[in-house]
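See below for the structure under consideration.
Please treat every number below as a calculation from the coordinates, not as lab data. A quick note: this is a predicted structure, and the numbers were derived from the prediction, not measured. When we count neighbours, we look across all protein chains shown, and the Cβ atoms used for this are built from the backbone with ideal geometry, even at glycine.
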Amino acid sequence: MTDSRNVAAVAAGKEDVVLQWVTFKLDNETYGINVMQVQEVLRYTEIAPVPGAPLYVLGIINLRGNVVTVIDTRSRFGLDAAEVDDSSRIVIIEAEKQVIGILVDSVAEVVYLRRSEIDNAPNVGTEESAKFIQGVSNRDNELLILVDLDKLLSDDEWAEITQL
Amino acid sequence: MSKSVDETVFDFFAVLLQEPSTEVPVAAENELDSKKAEVESVSFKKQHGKTINKASLKSTQDVTNVSAKSPQVESKKVHTEVNKEFAEPQVDKAALSKLLSAVSKPSIKQHEHKVDELTAGENPPEPVKTQQQVQQEIKSKAQQVRQQLGQVIVEKESNEKSETLSSVDNKESEFSADISLDKAETSFSETDGEHDSRVAQQSAIPPSITGNLQDVLDDEFQVLFFNVAGLTLAVPLVSLGGIVKIEHINHLIGRPDWFLGVQTRREQKVNVVDSCRWVMPEKYTKELADGIDYQYLVMLEDTDWGLACESLVNAVRIDKSHVNWREKPGKRPWLAGVVKEQMCGILNVQALIEMLDAGLGCQDSID
């Protein structure tokens, strides 16, 4: 399958671009986000809850004088809640021209992937969270799930968190 | 089982009917009979202008024959004798007819009504007829009624048959939902299997859903049996893409509950189906889930779909006739039928793949 895709890419004359992905863990699965969207990775700090905020919003943090909204990634992905521990991290990202933080179980590494190494995710299910996955890649017999951060929130939700 | 009211009454009258034949000599009997028939016909004609007396009696006789399906031998003997007696009745037929019509009301009335309809268009009979003419007329009417009775009986039988079949269908459609851990329910499917075979014998053109599978398979074919949470399923080897040991399944967000995740295999991704959850979602509980230990993936044809299973039983060669093929896709097109000996469901892999590709659950239909 991968070979055929490579052949197709070469035949199309397209460059097999290498992309860098920051990987993190959530519920024992490895996810990747485009390194270009990651601003920094923070240790867990106190998150101030915001009254009346949507359920997927954990609260806000003060990042060098800037207020950053932190999203509950587990909740957003439909996963069970988990206790915060030493390995928990807040990844500051930029998406849809906004800076937000996402709470993850741990951050692993930065990996290099050719575009040709990225496959489509199985097209099963119509749940909302299915749209977050932009592709999957097989690395060392482990599946890396690539997240499309721009789709982490809908347009309305992006607009909503600016008002917090 | 106790006799029905009809049978009891018929038996009673059968005994009554027997008595004169032992007492009255044949010659005298015939003479008496012809005279009685004449009197009855004339008196009835006077009342109704129709000559259906004997016909009515014949109707009751036929009904008696139909109703007398009791397993009791004695009763059958009696009815056989009654039939002989009815050929040449020696009792007060009008009275008997009246009595019996009360018991077998629906059919008799129906046929009287039909006779009425038949005779309605006719001119009223001439006031005076010879004895032979009257007898001839009675015989012809009786013949007509017998024919009608025969038709009605056939209709009744066919109705009963169709009712049985529809009930069989209902039971059959309920079957696969109940392929479950319970052994008791497995025994239920045994009965079901019998019904299935009857249905299979009845229907001439099987729907394509299982027809296709049957076309693909040889008369003898191999199946692999595997276990999922105590439930045994069979997959034809021609539809088996391979067996993969479960190692690490990656969960994917936003997928249906039955989608366990993805396992990599030789640079390829295998979509793992939680077979228990997919096949019997109604039985799926947390306790059940905790007790399941998936070990292998049964790959479906050359697709990326793999059914998680706990153990592989064996692969055996079976004959097509050893399977009660489902004739209607119904709610579960993925279930091709039931292997009689093992009493387990056999998968229609093509339909299953279609459903999985479409993200459908086990009870959704393919449209």
Please get the size of the charge dipole for chain A, origin at its Cα centre, with Cβ charges of +1 on Lys and Arg and -1 on Asp and Glu, quoted in debye to the nearest 20.
-> 400 debye
Using θ = phi - 60° and Karplus 6.51 cos²θ - 1.76 cosθ + 1.60, couplings along region A:73-84 (whole Hz; Gly, Pro as x) | 5, 4, 4, 5, 8, x, 9, 5, 5, 9, 6, 6
For residues of B:254-264, the mean tally of beta carbons on other chains within 10 Å | 5
Amide H contacts of A:Val70 (H built 1.01 Å from N, under 5 Å, at least 5 apart or other chain) = A:Leu58, A:Gly59, A:Ile60, A:Ile61, A:Gly101
Summing +1 for each Lys or Arg and -1 for each Asp or Glu, what net charge is found among the other residues whose Cβ lies under 9 Å from the Cβ of B:Glu220?
-> -1
Would you order B:Lys340, B:Lys320, B:Lys245, B:Lys269 from fewest to most other beta-carbon atoms within 10 Å of each residue's own beta-carbon?
-> B:Lys245, B:Lys320, B:Lys340, B:Lys269
Of the trypsin sites (Lys or Arg not before Pro) in region A:15-73, which ones lie in a loop per DSSP and count no more than 15 other C-beta atoms within 10 Å?
-> A:Arg64
Where trypsin sites (Lys or Arg not before Pro) fall in DSSP loop in region A:93-144, at most 11 other Cβ within 10 Å | A:Lys97
Of A:Leu152, A:Leu79, A:Leu42, the most mobile residue in a GNM of chain A (C-alpha springs, cutoff 10 Å) is A:Leu79
Ranked B:Met343, B:Met299, A:Met36, criterion: other C-beta atoms within 10 Å, fewest first = A:Met36, B:Met343, B:Met299
Excluding A:Leu149 itself, what net charge comes from residues whose Cβ is under 9 Å from its Cβ, given Lys and Arg +1 and Asp and Glu -1?
-> -3
Which far-off residues, 5 or more places away or on another chain, put their amide H under 5 Å from the one on A:Ala95, with H placed in the peptide plane?
-> A:Ile100
Could you tell me what % of all Cα pairs in region B:301-358 have separations over 20 Å?
-> 33 percent
Per-residue Cβ neighbour rank within 10 angstrom, fewest leading, B:Arg317, A:Arg74 | B:Arg317, A:Arg74
With a point put 7 Å past each Cα toward its Cβ, work out how far A:Arg43 is from B:Thr285 in nm, to one decimal.
-> 4.6 nm
Cα principal axis extents for region A:2-162, largest first, Å = 54, 32, 30
Shielding score for A:24-32, defined as the mean number of other chain Cβ atoms within 10 Å | 2
Sequence-distant or interchain residues sharing an amide H contact under 5 Å with B:Val262, placed H: which?
-> B:Asn250, B:His251, B:Leu252, B:Val272
